[in-house]
Amino acid sequence: MSWLMVWYVLLAAVTVALLLRARTAIGGRAAAAASAFAVGGAVGSFLVIPTSGIADDTSWPIGAVTPLLTVLVIVRPPWEALLALVLEQAGVVLVLLAGPPFADSWGESVAKAVPALFAPALGVGMGLAIGQTVTRLGAAVMRANAERTASAAVESARQAREAMHRRRLADLDEEILSFLRRTASGDLSPQASQIRVRARMLDLAVRDELHLPGVLGRSTRELLGAARAEGCVVTIQSDADHPPRRICCVACSPARWARAPPRRT
């Protein structure tokens with residue numbers, strides 16, 4: 001029976017290799033080759049084991065394939081391991097039927113053969129139950145992770161909008177407070193036309209911020225201020241209920257107003 005021991009050592013090595021590969025993936029060809037090696041060795045063991053050995057521990061090769069099939073039924077499509085199990089069971093039964101009688105009656109033969117045949121079937125059944133449980137719990141975990149990720153993304157987007165809003169308000173505060181300080185200190189004359197235009201632009205910028213809070217940055221405010229300084233009328237239309245807010249500016253100069261309708265830009 002030395003060749004059976006060699007087969008068993010190789011079977012154990014293949015099972016360990018499948019366990020190590022279970023974290024990544026086990027290919028179909030590798031699974032089929034491992035199943036064929038296991039089933040062929042289990043059925044072929046009766047070339048040296050007498051058929052009467054089905055009633056005692058001599059038939060250990062039948063159950064030796066259980067760990068390998070259990071791994072495959074968990075990490076591979078279940079039908080592959082179930083097919084290998086059916087082929088093993090059918091092969092053993094055919095060998096027993098073809099060999100000499102090992103019991104006085106048919107019922108006694110079945111009673112002696114069932115425990116040995118039940119051993120791999122029980123292992124595969126347990127592996128199938130484990131695999132189905134893992135799949136079901138894994139799906140629940142994936143859904144929970146997806147919901148948590150979506151919630152974190154929404155919260156992150158909200159925090160980003162609030163941080164941007166605070167930065168833009170700080171920029172606007174800096175512009176206005178700097179203008180007021182220089183005016184109060186006498187550096188800027190309230191009577192100068194340029195200063196009055198600047199004050200009007202800042203006033204309009206504050207109105208824009210009240211109308212569309214946290215959306216207009218410094219560069220955008222400068223562009224709008226430049227357009228208004230040239231005599232353009234700027235109307236901001238926005239959908240403020242669904243961030244990110246959309247802006248539509250309608251601008252025209254007084255000179256063009258008499259010749260053409262407003263141009264959407």
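Structure notes:
- Those residues of the stretch 56-108 which are under 29 Å from residue 24 (Cα atoms), in contact with a Ser or Thr (Cβ under 9 Å, 6 or more places away or on another chain) and part of a loop (DSSP other than H, G, I, E, B), in sequence order: 65
- Any hit, the stretch 122-137, residues being more than 30 Å from residue 39 (Cβ to Cβ) and among the hydrophobic types (A, V, I, L, M, F, W, C): yes
- A count restricted to the stretch 17-54 and to residues that are surrounded by 13 or more Cβ atoms within 10 Å (Cβ to Cβ) and closer than 19 Å to residue 81 by Cβ stands at 18.
- Positions within the stretch 172-192 being within 19 Å of residue 216 (Cα to Cα) and basic (Lys, Arg), in sequence order: none
Read-outs throughout are calculated quantities, based only on the coordinates presented, and are distinct from any laboratory measurement. What you see is a predicted model; the values in this text were computed from it and never measured. Every residue, glycine as well, gets a Cβ built from its backbone with ideal geometry; the counts of neighbours run over all protein chains shown.
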